[in-house]
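Working notes, beginning with the structure itself.
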């Protein structure tokens, strides 16, 4: 057996950051935004307070980086889910199923916690809107590649907006114990075949390419934005 290559400082630093980001998401789900503290996150990640403050000095830094990490993870999961579907089965109902499977998971509660906190926090709201826009762009590109029924970027964007509004609303309903969200999603998958005709505008711009996307997730960034227009990281 070949000897194991020792981990570099960069490897250890990356592992520490990932542990902190995953722990932040877990804390947001379990304790909510108000109840999440840097100490709770460090304890959950089994990381020293010194290491935590070195990478993410404040609660805002932790939360912003964790949400960026979560949205990038969702982008990768969407890509992998869409790519696993056989070409002959690439229909809009399968796309809705893939979206629902990811959005209905426990981490979505962390997103909601930050969205609610961002309602009264202009800087945080700008960051949340920025990472959400990047995710939307990724899924629109995926849909253009994935579905033979959709070859227009305007139509693809409308379908993605409709699908996200539906699955996110169904996920909130599940948390509230309201109605039967799974039945709603089932109905949506049945109706998905009609969506293209409903959202197609009378005049649209044809896409120049619908090639398979080669990259979807943004590199995780934790720096504070230089201005409110660029989403990137505060009080504890």
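Just so it is clear, none of the values below were taken in a lab; they were calculated from the coordinates. Worth saying up front: this structure is predicted, and the values here are computed from it rather than measured. All Cβ positions, glycine included, derive from the backbone under ideal geometry; neighbour counts span all protein chains shown.
Would you compute, for the Cα atoms of segment 60-199, the largest minus smallest coordinate along each principal axis and list the three values in descending order, in whole Å?
Result, largest extent first: 45, 32, 26 Å.
Where in segment 122-165 does the label zone of residue 58 land, with the point 7 angstrom along Cα→C-beta and an amide N cut-off under 19 Å?
122-131
Suppose each label sits 7 Å from its Cα in the direction of the beta carbon; what would the residue 187-residue 120 distance come out to in nanometres?
Label at residue 187, label at residue 120, 3.5 nm between them.
Output the peptides 72-79, 47-54, 172-179, 88-95 sorted from most to least packed, where packing is the average of other Cβ atoms within 10 Å over each peptide's residues.
72-79, 88-95, 47-54, 172-179
Please report how far the C-alpha centroid of segment 48-80 lies from that of segment 99-176, rounded to the nearest whole angstrom.
18
Using 19 Å as the cut-off for backbone N distance, which residues of segment 90-113 belong to the label zone defined by a point 7 Å from the Cα of residue 31 along Cα→Cβ?
Zone members listed by number: 107-113.
Along Cα→Cβ, 7 Å out, is where each label goes; now give me the distance between the ones at residue 49 and residue 136 in nm to one decimal.
With each label point 7 Å from Cα toward Cβ, the separation is 4.1 nm.
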